[in-house]
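To keep things clear, I will list the structure first and then write my remarks on it.
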Amino acid sequence: MSQLNQNNNNFKDTKIFVGGLTWSTTTDELRNFFQLRFGEVIDANVVSEGLPGGKLRSKGYGFVVFRDAESANRACQQPWPVIDGRQTNVNMAYIGAKNNTNQSNQNGLLNQAGPSHQYQNGLISY
């Protein structure tokens, strides 16, 4: 993050999630879209995956961090903006945040997330 606000170590009130992006949407396009409409953006990131040949492709979602909570709230008031010709969805990032599923229980054992089925002798049992 380039221009972090020293007084804002917790981005709960200023970070939004943007889903449904096209594979071609760039971080700069995401930043510009929200900064022009809602207020100063201090960080933006389109989450990407590596492809053969070293190319990157958007995974279809990203995050934007605003300078202030008011800008983030204004952005969420329009929950279905059209970005790069595609309807997206926007909400506060903390709403979709998941708890760590690999936490120890009271017996000291790990509660690990895993598949709801098991493979036995080439068969799947649920």
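The values are calculated or read from the model by the stated rules, or taken from the named source; none is laboratory data. Remember, it's a predicted structure, so these values are computed and weren't measured experimentally. Quick reminder, even Gly has a Cβ in these numbers, built from the backbone with ideal geometry, and neighbours come from all protein chains shown.
Listing for the model above:
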quantity: Residue within the range 56-74 that is within 19 Å of SER24 (Cβ to Cβ) and of a type in the set (Lys, Arg) present; calculated: yes
quantity: Residue ranges of helices (runs of 4 or more DSSP H) in the range 15-126 with at least 2 members modelled with pLDDT of 95 or more; calculated: 27-38, 69-77
quantity: All positions within the range 32-65 that are touching a residue at least 40 places away in the same chain (Cβ under 8 Å) and in contact with a strand residue (DSSP E or B) (Cβ under 6 Å, 6 or more places away or on another chain); calculated: PHE33, PHE34, ILE42, ASP43, TYR61, GLY62, PHE63, VAL64, VAL65
